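The values are calculated or read from the model by the stated rules, or taken from the named source; none is laboratory data. Model, not experiment: these values are computed from the prediction. Here the Cβ positions follow ideal geometry from the backbone for every residue, glycine too, while neighbour counts run over all protein chains shown. Accessible surface is based on the protein model in full, side chains and every heavy atom, while ligands, DNA and RNA are left aside. Shrake-Rupley method; radii C 1.70, N 1.55, O 1.52, S 1.80 Å.
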Amino acid sequence: MRIAFLGLGHMGLPMARNLRTTGHEVIGFDVAPAAVTAAVEAGLAVAGSGTEAATGADVVITMFQSGAQVLDAYRGSADGPGLLAVAAPGALFIDCSTIAVDEARAAHALAEEAGHRSLDAPVSGGVVGAENATLAFMVGGSDEDFEAARPLLEAMGRRVVHCGGAGLGQAAKVCNNMILAVSQIAVAEAFVLGERLGLSHQALFDVASNASGQCWALTTNCPVPGPVPTSPANRDYQPGFAGALMNKDLGLAEQAVESTGVEARMGMLARELYAAFAAGEGAAQDFSGIINTIRAASV
Ligand code: NAD
């Protein structure tokens, strides 16, 4: 089986490396020369263009920043053919980028029209998960295509969940991250309120982590230093999960909320607060650093 892996950035390069380690023939490509250099240094075979990598490939994996990049690469342009035109007939296209549900569905439709199979398979777990092959994959597409992709995804991740048909992997990701954003803000507000009331961080943590306030934003990503020594708050909010990425994902949540007409007031307020956070220093900080914005805005 010949696998083309396109998009060798922070996530893509370690993922492609893990795929190759499990004995698959992987040929990579990235439009950024620095990413190509890093891939060559990591010992990955790299083609001279995306279409060169994908020509005759049985599987084409993409790990780009945006849906527009995925759709453009699938379609090609006046300058040359796209990935769909050059892959082997009936190839399996797996897009691991985080993109809008509607864009993922458009990518599925294009692949199907071209006679290929396709899956949306966004990930969570960050760069550390990509490096250690412990990513979680949320997958949308048919049962058959999911089963065909499973061994490849398991080579790059630890949990692989089939969420349903086309676009539903992205849907699961966007819903999960909307919960996460809202709960991280709620936990931060509670710690600032506790501070003003004279409650110690540790006392609030000891109560809430064993009570109904318990959640990942508290017990793993605790926004104050001390109670959870591994949380980003203990290292000056170095990510972790950067504010810029949370802001991007909430933008996708907003698109989904608008296109479905759902009344998601908390999610959209979180979207607004993280857009402001990511417009400043928060872009490069862990998203739990929003506690400092809340503290500063509290009179
Ligand atoms: P990145 O910017 O480091 O990598 C993306 C790469 O795609 C870049 O190197 C870019 O040059 C390349 N690219 C774009 N168009 C291309 C094309 N047509 N052909 C070949 N290469 C192309 O981004 P990343 O941090 O690796 O994230 C990738 C995706 O994973 C994003 O959608 C992101 O939202 C998602 N994600 C990232 C993280 C994280 O912690 N970084 C976690 C979960 C999900």
Hits in the range 250-277 - residues which are open to solvent by less than 40 Å² (accessible area, probe 1.4 Å), within 19 Å of Gly169 (Cα to Cα) and within 16 Å of the ligand (Cβ to nearest atom): Leu250, Gly251, Leu252, Ala253, Ala256
Given the conditions (1) within 21 Å of Lys173 (Cβ to Cβ); (2) near the ligand (Cβ under 9 Å from one of its atoms); (3) modelled with pLDDT of 95 or more, every one holds for Gly140 apart from (2)
Criterion (within 16 Å of the ligand (Cβ to nearest atom) and assigned to a loop (DSSP other than H, G, I, E, B)) met by exactly one of Asn221, Asn210, Asn247: Asn221
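May I ask you to verify whether Ala42 is of a type outside the set (Asp, Glu) and in contact with a Pro (Cβ under 9 Å, 6 or more places away or on another chain)?
Numbers: of a type outside the set (Asp, Glu): yes; in contact with a Pro (Cβ under 9 Å, 6 or more places away or on another chain): yes.
Here the answer is yes, as Ala42 does meet what is asked.
Being touching a residue at least 40 places away in the same chain (Cβ under 8 Å) and within 11 Å of the ligand (Cβ to nearest atom) is the filter here; which residues of the range 17-50 pass it? Before you say what the answer is, go through the steps one by one.
In the first step, residues of the range 17-50 are kept if they are touching a residue at least 40 places away in the same chain (Cβ under 8 Å); the result is 18-19, 21-22, 24, 47, 50.
Result: Ala47, Gly50.
Just to confirm my filter: which helices (runs of 4 or more DSSP H) fall fully inside the range 74-153 and include at least 2 residues that are surrounded by 17 or more Cβ atoms within 10 Å (Cβ to Cβ) and in contact with a Pro (Cβ under 7 Å, 6 or more places away or on another chain)?
Output list reads 126-132.
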Answer residue from the range 154-166, given it is more than 30 Å from Gln238 (Cβ to Cβ) and in a strand (DSSP E or B) and is nearest to the ligand (Cβ to nearest atom) among those: Cys163
